[in-house]
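Working notes, beginning with the structure itself.
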Amino acid sequence: MVIQTQRLVIGPYTDSDRDSMIELLTNEQIRETFMLPDFHTIEEATDMFRKLKYLSYSDQHYERGIYRAGELIGFVNDVDIGDGYIEIGYVIHPIYHGVAGYT
């Protein structure tokens with residue numbers, strides 16, 4: 001399922017999102033506020049992207065990319081699922097924080 005607003009599209013990942021996602025997963029500012037694993041090699045980060053891409057097309061978890069003008073700028077996913085509730089977390093690349101027209 002794809003969600004579209006005036007400025008953003010939320011949808012599953014494609015192979016072309018790999019480098020942008022690795023940038024998000026390894027960005028130090030993002031790591032300060034969003035729990036992410038430590039990646040010791042680019043292969044580990046690439047493996048995580050493959051897993052997230054798979055989940056973005058499955059019904060197991062809610063995992064989607066946030067796109068602006070076709071570019072992956074963040075992601076949204078389920079952080080916790082419990083009895084009758086779901087906690088959603090999101091990340092937007094820091095270069096888009098507080099920029100007029102991006103929020």
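Read the figures in this text as sums done on the coordinates, not as results from a lab. Since the structure is predicted, the reported quantities are computational estimates derived from the model, not experimental observations. Neighbour counts are summed over all protein chains in view; Cβ atoms, including those assigned to glycine, are modelled from backbone coordinates with ideal geometry.
Charges were assigned to the Cβ only: +1 to each Lys and Arg, -1 to each Asp and Glu. The resulting dipole of the chain about its Cα centre is roughly 440 debye. Report note on the peptides 27-33, 79-85: ranked by the mean count of other C-beta atoms within 10 Å, highest first, their order is 27-33, 79-85. Approximating the spin labels as points 7 Å out from Cα along Cα→Cβ, the R50-to-I88 distance works out to 3.0 nm. Rounded to the nearest 500, the helix-only mean residue ellipticity at 222 nm of the chain stands at -8500 deg cm²/dmol, with each DSSP H run of n ≥ 4 adding -39,500 (n - 2.57).
Could you work out how far the C-alpha centroid of the range 50-79 sits from that of the range 11-26, in angstrom? Answer, in whole Å: 9. For the chain, the convex hull drawn through the C-alpha positions has a volume of 115 cubic angstrom per residue.
Sequence-distant contacts, meaning Cα pairs under 8 Å at least 6 residues apart, place the relative contact order of the chain at 26 percent. When peptides 6-16, 56-66 are sorted by average Cβ neighbour count within 10 Å, with the highest value leading, the order is 56-66, 6-16. Extension gain for D78 to N27 (0.36 nm times residue separation, less C-alpha to C-alpha distance): 16.4 nm. Label zone of I42 (point 7 Å out along Cα→Cβ, amide N under 16 Å): in the range 17-35 this covers 17-27. Once the Cα-Cα distance is subtracted from the 0.36 nm per residue extended length, the Q4 to H97 segment shows a gain of 31.5 nm.
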